[in-house]
Each structure stands twice: as C-alpha cells, then as structure tokens.
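Undergrad: To start, I am sharing the structure in question, which I have written as structure tokens.
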Amino acid sequence: MKFFIETFGCQMNENDTERIQFLLENSGHEQTVDISESDVVILNTCTVRESAKNRQYGHLGNLKKIKNLKKDLLICIGGCAAQDLKQKIIKDFPYVDIVFGTQNIADLPDLINRRISTGRSICSIEDNGFDPELFKVRRKHNFKALVPITIGCDNYCSYCIVPMVRGNERSIEAEKILRTIEELVFDGAVEVTLLGQNVNSYGKNLKKPYTFSELLEKISDIKGLKRIRFMTSHPKDFSNDLIDVVKNKDNIAKHIHLPLQAGSDKILKEMNRNYTRKDYFGIIENIKNKIPDCAITTDIIVGFPGEEKEDFLKTMDMVKKIRFNRAFTFIYSPRAGTRAAGMEDRITMDEKKQWFRQLLEIQNTISFEENNKLIGRRFEVLVEGNSSKNNTLLEGRMENNTIVNFEGESNLTGKIIPVIVKSARTFYVKGKLARDY
Ligand code: SAM
Ligand code: SF4
C-alpha cells in the first residue's frame, strides 16, 4: 500500500516519523508525497500547546472529506496528541481507523494488518517501555541524522504535558549510541544532532552512570564526524564540564539551546524549573567567557498563571541583557493533567498578547542586530539543499546554527563549504561562496 505521512511538532516527532517510514517500507509499503494517491494516511501529532492540537483537528476534518470519496482509505493517528487523547479521538472522529501511542510505533505494521483483517478501529496505547529498535529509521538525507540519547522526561515542569505523553526519562546505552553514530558516519553522515528533553541529565539512570559531557567527548572522537549538535539543554543540570568539552572539541557546534522559560524567580519556582535567574545568568556568563562566539538560543513562555507585569518585565530584562541569537516564544497554553492547569490565572489573553508582542519586538531587533555582526565574516556552512523561501538559492547552516542562503549548484548539498556573509535578515543571513572554494 502507499502511505502518506505528516509530522507536527518537535525533532523527536521527526525522528519517530523516520522510524515509521522505515517500519512500513520494511513491511512492503511505499511512501508517497501525494495524499490523493495514498491508501494509508498517518498523522504524527503534537500536543504541547493547544494551537498545535487545533491545527491537527482541522487536518482530521479535511481527511474526512477525502475518506468520503475513498472509502477504504486508512487514517492512522500517532504521536503525543494520540497518547494524550487516546479513545477520545476514535469517539470524536469515528472515521479514524488506528490510534497508536508514542511507545507503540513498532506495532504499526501489525495494527494496519489487523485493521484490514478485522474491519474494526483500533486504539493501541500501551506502555511498551524502551524500544530496542529505536535506531532503525529511514532518513531523508544521508549527510545528517537525528540521534535520540534519552527518551521521555522526569522533570515535570508544571506547565508541560511531555512527561505524561512520553513517559519517564530513560537513557540509551552509550555503547549503542556510539556504534550507531559510527555506522552513520560510515554511511556518509557529517552531522548528528543528539536529542533529549534534557540532554544534560543523560546517563543518570544507566547501570554504569555516564555524564553527558563524557558521552559528548567520546562521540566527538569518532573519525569523520564533522559536526555535533545537541538539544535540549536544561539549566538545572548544565555543567561547566560541558562548556569545556564544547570549547575544546572542534567538531562540536558552538551553539547552545538553553530554554529560560521565565525571568522571574517567583515564576521559575511555580514552573518547577529548579534554577533561579542568578543561576541562569551564571551559566550564560561562563559560556560567553569561555566561548565568545557561541550562539545561545532559548524558549520563553509568556503569561504563565500568576505572572504579573513586574514578572514579565524581569523576562524582558534578561532578554535585553543576555541578547539571545534567537528565542522561540510561546503564550502559555493550559494542558489538562498538568499542575499549572489548576492554577489561578488573572491576566487576560489580550494583556498576554500585548506582552508577547513586546517580547517578540525586542527579540527580533536583537536577532537582527546579532545577524548584522556576521556580515563580512567567513563561515563553514553545511549545505542542506535548496532554500525553502527561494529555490534558486541554496540553504545551509553555520556552525552556530544561523541559516544562510546563497547562490550555488545543488550538488553542494551535504558538503561543508566556506561562505562569506553579505547581508542580514532577522531569521537568516545572505551570503556568497568564498572565492577560494
Ligand atoms: N525539554 C525542553 C525544555 O525543557 O526546555 C522543551 C520541550 S517542549 C516540547 C518545547 C517548548 O515548548 C518548551 O521549552 C516551552 O517553552 C514550550 N512549552 C511547553 N509546554 C508549554 C505550554 N503548556 N504552553 C506554552 N508553551 C509550552
Ligand atoms: Fe517539559 Fe520540562 Fe521535561 Fe522540557 S524539561 S520536556 S519543559 S517537563
């Protein structure tokens, strides 16, 4: 059968999609990018904010129209929203054939067979624990790969649904990670991105405890691996050792994504983040002192329950002082089942939106100014393909994660090449291939 798959949400979900592709292709199915010719449609969903859920519900509505025209089309819903809403999806959307949880991906080929042979809808949300076949995936590109190093999360930030839909944190054995990356490099990968909800707590629950810095150092010794990225770092577990490893190893990208979430100690405590603004400033100072060129990006939530204007101004103050290269900003979205969903929230949505706009305005100005500082400099860029904005240009990423668009032949895709930055925009820069290339 031909399957069409659409992915919502974070890189963890992208990685799950790569696994689904591998499993279905291995069972004799074929992927299509044209939904109208598909026999199976899979939505790999996200539930971290209500807006993502609403968009996915919109897609489910559209799928009903397609299914009305093509009665035997199978609709499968997986990922975090499926895990969160379980039976409710089949109840509210009776034309959905299969709902499968975040720990039931490996069962999908069997679930499809069962659905066809029994004719009955299936909801498979079982706690299957750790999946040993986690690294068997179908990658879009050979030159870069996502590599999960931890699954789930134990931090229970009071606003966040992730621990409920992804389970407790489990670290993958270091040997297995190292072997996988060696194989990836053998197959042509030059860049790997290590994934975890809190990569800094890697290894705590392994039989033989391991720190993230130790793992990173071992990975960076793999011959032929040109670039290593990792996300997400959590300030509460961030160590000085890690800064030293990033500084000393040439193939570790000089970019740290360190979600701040809020700038007020009162709100950080209510969020259960386990660090203070002073702790966060301390980490930033250490990074900037040791790796002056390191890009720092962050996530910020505006309008958490109990956040007052003076708390918000403390976030603005940190944003102005730290000057993040980029910030991913969100208006707080209550998630049923989290502690924050039961907290009193007096600030109106209009006021939250106003704060959000103020934050965005100041951060966009900073991002633009920081990108302008790159003009005239030469950077090594991994070419990722044609630009999504203008397909006559190539798009690549500098070591510090800045996106650069420039003219060049498509056959440069997958190569690391020198580019000189010529002009800056808020979210990317424009450049030119260095003359000596
Ligand atoms: N594990 C990562 C960490 O701790 O920073 C983040 C994972 S979460 C998928 C990505 C971002 O979504 C978070 O950093 C947070 O800013 C945002 N987020 C999570 N729950 C949210 C909520 N209920 N409302 C608004 N934003 C939320
Ligand atoms: Fe959610 Fe906090 Fe875990 Fe990140 S660390 S996934 S924000 S609970």
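Undergrad: Please say if the stretch 243-292 is rounded, prolate or oblate, where rounded means a/c under 1.5 for a ≥ b ≥ c the square roots of the C-alpha gyration tensor eigenvalues, and otherwise the choice is prolate for a/b larger than b/c and oblate otherwise?
TA: The shape class here is prolate.
Undergrad: Could you pull the Cα extents of the stretch 279-430 along its three principal axes, largest to smallest, in whole Å?
TA: Result for the stretch 279-430: principal-axis Cα extents of 56, 35, 26 Å.
Undergrad: Evaluated at 37 °C with a viscosity of 0.692 mPa s, what Stokes-Einstein diffusion coefficient in µm²/s does the stretch 42-125 have when Rh comes from the Kirkwood expression over alpha-carbon pairs?
TA: Details: Rh = 12.8 Å.
Estimated diffusion coefficient is 257 µm²/s.
Undergrad: Among Asn200, Thr45, Tyr57, whose Cα sits farthest toward the positive end of the charge dipole of the chain (+1 at Cβ of Lys/Arg, -1 at Cβ of Asp/Glu, about the Cα centre)?
TA: Tyr57
Undergrad: Tell me which residues come under 5 Å, amide H to amide H, from Ser124 once H is placed; ignore anything under 5 positions away on its chain.
TA: For Ser124, whose amide H was placed from the backbone, the distant partners under 5 Å are Val99, Phe100, Gly101.
Undergrad: Is the shape of the stretch 117-249 rounded, prolate or oblate, going by the alpha carbon gyration tensor and its root eigenvalues a ≥ b ≥ c, with a/c under 1.5 for rounded and a/b larger than b/c for prolate?
TA: Details: a/c = 2.15, a/b = 1.28, b/c = 1.69.
Here the stretch 117-249 falls in the oblate category.
Undergrad: Pick out, in residue order, every one of the chymotrypsin sites (Phe, Trp or Tyr not before Pro) in the stretch 334-387 that is DSSP loop and has at most 15 other C-beta atoms within 10 Å; say none if there are none. Don't skip to the answer; put the middle values down first.
TA: Details: sites: Trp355, Phe356, Phe368, Phe379; in loops: none.
Answer by residue number: there is no such site.
Undergrad: Sort Phe135, Phe230 so the one with the fewest other Cβ atoms within 10 Å of its own Cβ comes first.
TA: On the way: Phe135 21, Phe230 26.
By the 10 Å Cβ count, ascending, the order reads Phe135, Phe230.
Undergrad: Only Lys, Arg, Asp and Glu count, each charged at its Cβ (+1, +1, -1, -1), so figure out the dipole size of the stretch 106-261 about its Cα centre, rounded to 20 debye.
TA: Details: 24 positive and 21 negative charges, 94 e Å.
It works out to roughly 440 debye.
Undergrad: Taking only the alpha carbons of the chain, what extent do you get along each of the three principal axes, in Å, biggest first?
TA: That gives 63, 57, 48 Å along the principal axes, largest extent first.
Undergrad: While we're on this one: Please tell me the relative contact order of the chain in percent, rounded to the nearest whole number, where contacts are Cα pairs under 8 Å and at least six residues apart. Let's see the in-between values first.
TA: Values: 839 pairs, mean separation 42.4, N = 437.
It rounds to 10 percent for the chain.
Undergrad: Cα-Cα over 31 Å: which of Lys136/Lys422; Lys144/Lys373; Lys320/Lys353? Please list the in-between numbers first.
TA: Numbers: Lys136/Lys422 41 Å; Lys144/Lys373 28 Å; Lys320/Lys353 19 Å.
Result: Lys136/Lys422 exceed 31 Å.
Undergrad: Between His255 and residues 5 or more places away or on another chain, which pairs have amide H atoms under 5 Å apart, with H built 1.01 Å from N, and which residues are they?
TA: Ala295
Undergrad: If each Cα of the stretch 349-390 is one equal point scatterer, what is log10 of I(q)/I(0) from the Debye formula at q = 0.21, 0.23, 0.33 Å⁻¹?
TA: -0.84, -0.87, -0.99
Undergrad: If you take the square roots of the eigenvalues of the alpha-carbon gyration tensor of the stretch 203-324 and sort them as a ≥ b ≥ c, do you get rounded (a/c under 1.5), prolate (a/b over b/c) or oblate? Before the final figure, lay out the partial values.
TA: Values: a/c = 2.70, a/b = 1.77, b/c = 1.53.
It comes out prolate by the Cα gyration axes.
No value in this document is a laboratory result; all are computed from the given coordinates. Note that this is a predicted model, so its numbers are computed, not measured. Virtual Cβ from ideal backbone geometry, glycine too; neighbours counted across all protein chains shown.
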